[in-house]
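The values are calculated or read from the model by the stated rules, or taken from the named source; none is laboratory data. Just so we're clear, the structure is a prediction, and the values are computed from it rather than from any experiment. Positions of Cβ are backbone-derived with ideal geometry, glycine not excepted, and every protein chain shown enters the neighbour counts. Side chains are part of the model used for accessible areas, which takes the heavy atoms of the whole protein and leaves out ligands, DNA and RNA. Shrake-Rupley method; radii C 1.70, N 1.55, O 1.52, S 1.80 Å.
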Amino acid sequence: MQTNKRPENMERITTTAQAEAFIAQQLDALRAQIGDKKVLLALSGGVDSSVVAALLIKAVGKQLVCVHVNHGLLRKGEPEQVVKVFRDEMDANLIYVDAGDRFLDKLAGVSEPEQKRKIIGAEFIRVFEEEARKLEGIEFLAQGTIYPDILESGPVKAHHNVGGLPEDLKFELVEPLKFLFKDEVRVVGKALGLPDNMVYRQPFPGPGLGVRCLGAITRDRLEAVRESDAILREEFSKNGLEGKVWQYFTVVPDFKSTGVKDGKRSFDWPVILRAVNTRDAMTATVENVPFSLLQHITQRITSEVPGVNRVLFDLTPKPTGTIEWE
Ligand code: XMP
């Protein structure tokens, strides 16, 4: 019987040598479990699914079929990076599904945050199911389950439950990371040769930018979230805050304010910046971002992002604010 308890004698993986030993042991185990059969994986490009993909590519090569569902709510450059790393560099069998329009159509006019989450989760399963049905001979489903998911600790996991595939698509599970903590997954990812910005990336919610484009999502405001987020990330990276700050992102609310642009009155959206530190996401403190950097980011966002005339910095710790705005 499969156990869900981390073996007591399992050492913490902190060094490359330990990661390499883990990888060697997992390659044997995966080959023994999968044999010459096919295995399916939903590859989001997040740390966990990326590490599972890299392990399985090493273990069974083209017997792995990765499906990357682009729900249109990913950060700038993310879908392209998944294709570049896994298809171009690792020669993986990767199906890329551009489902952005489908998700945005389903979300049109929906403003209630939990309803938005449900629609995104359900649509994700539907798209993945459609792809799974097109494939023949799949016997296994790989998942990036990690130990905290099993322990169900913290609020991150609570959001993950979006339901599963229907009964007739219940494949045998392959979960090579299920006894690892996040920091161990990162060490293993690094040893597998994944790029740093994939291995050390900040947490990104499943519903993606959808919960940062507040209220009913519109394409123009969604682009304002994506472009402003890209500027924030670029500036944090240039100024040594990437990897130091736990989570940082931008939010675009669904109201406008008056401003002046090019000598004329404007009526445009604000962008809210959020940058927080935490251990377990239950409580969080606000990063003390240098004022001059905030001013520089404000200048860039208001001049480079269409439809934006103000930038605000969120000074609220958790509690009373949650990390996300929805
Ligand atoms: P909050 O906003 O509740 O967020 O303080 C705590 C952590 O959970 C992430 N989060 C989510 N992750 N699906 C996810 O996978 C979600 O729907 C979701 N909502 C929030 C959030 O980014 C933060 O890291």
*Using a 1.4 Å probe and counting only protein heavy atoms, arrange Lys116, Lys178, Lys256 so the residue with the most accessible area comes first.*
Lys256, Lys178, Lys116
*Is region 70-229 rounded, prolate or oblate when judged by the Cα gyration tensor, a ≥ b ≥ c being the square roots of its eigenvalues, rounded requiring a/c under 1.5 and prolate requiring a/b larger than b/c?*
rounded
*asked:* With a 1.4 Å probe and all protein chains kept in place, how do Glu326, Glu8, Glu234, Glu136 rank by accessible area, largest first?
replied: Glu8, Glu136, Glu234, Glu326
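Using the reciprocal of the averaged 1/r over all distinct C-alpha pairs, how large is the Kirkwood radius of the chain in Å? List each step's numbers first, then the result.
On the way: mean 1/r = 0.0474 Å⁻¹.
It works out to 21.1 Å.
Within 11 Å, Cβ to Cβ, of Asn93, how many net charges do the neighbouring residues add up to if Lys/Arg are +1 and Asp/Glu are -1?
With Lys, Arg at +1 and Asp, Glu at -1, the net is +2.
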*Keeping all protein chains in position, work out how much accessible area Thr298 exposes to a 1.4 Å probe, and write it in Å² to the nearest 10.*
40 Å²
_Net +/- balance of residues flanking Glu235 in space, Cβ distance below 12 Å, scoring K and R +1, D and E -1_ = -1
*Cα gyration tensor shape of region 218-326, rounded if a/c is under 1.5, else prolate or oblate by comparing a/b with b/c*: prolate
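What part of the accessible area of region 16-199, given as a whole %, is carbon or sulfur when the probe is 1.4 angstrom?
On the way: 4180 of 8280 Å².
Carbon with sulfur: 50 percent of the solvent-accessible area.
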*asked:* 5 Å is the cut-off here: which amide hydrogens, built 1.01 Å from N in the peptide plane, fall below it relative to Gln247, excluding neighbours closer than 5 in sequence?
replied: Val276
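What number comes out for accessible area per residue over the chain if the probe is 1.4 Å? Units Å², please. Present the calculation step by step, with values, prior to reporting the outcome.
Numbers: 15980 Å² over 326 residues.
Computed with neighbouring chains in place, this is 49 Å² per residue.
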*Which far-off residues, 5 or more places away or on another chain, put their amide H under 5 Å from the one on Val174, with H placed in the peptide plane?*
Leu141, Ala142, Gln143
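Find out how many positive minus negative residues lie around Leu74, taking Lys and Arg as positive, Asp and Glu as negative, among other residues whose Cβ is under 10 Å from that of Leu74. Intermediate results must be reported in sequence, preceding the final value.
Numbers: positive: Arg75, Lys76, Arg226; negative: Glu78, Glu80.
Computed value for this residue: +1.
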*asked:* With just the Cα atoms defining each centre, how far is region 176-253 from region 107-129? Give it in Å.
replied: 20 Å
*Measure nothing but the geometry: give the 0 to 90° angle between the long axis through the Cα atoms of 182-191 and the longest principal axis through the Cα atoms of the chain, rounded to 10°.*
70 degrees
*Share of carbon and sulfur in the accessible heavy-atom surface of region 235-285 [1.4 Å probe, %]*: 50 percent
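Can you give the % of DSSP beta bridges in the chain that are antiparallel, to the nearest 5? Kindly include the intermediate steps, with their values, before the conclusion.
On the way: 13 of 36 bridges.
Taking every DSSP beta bridge within the chain, about 35 percent pair in antiparallel fashion.
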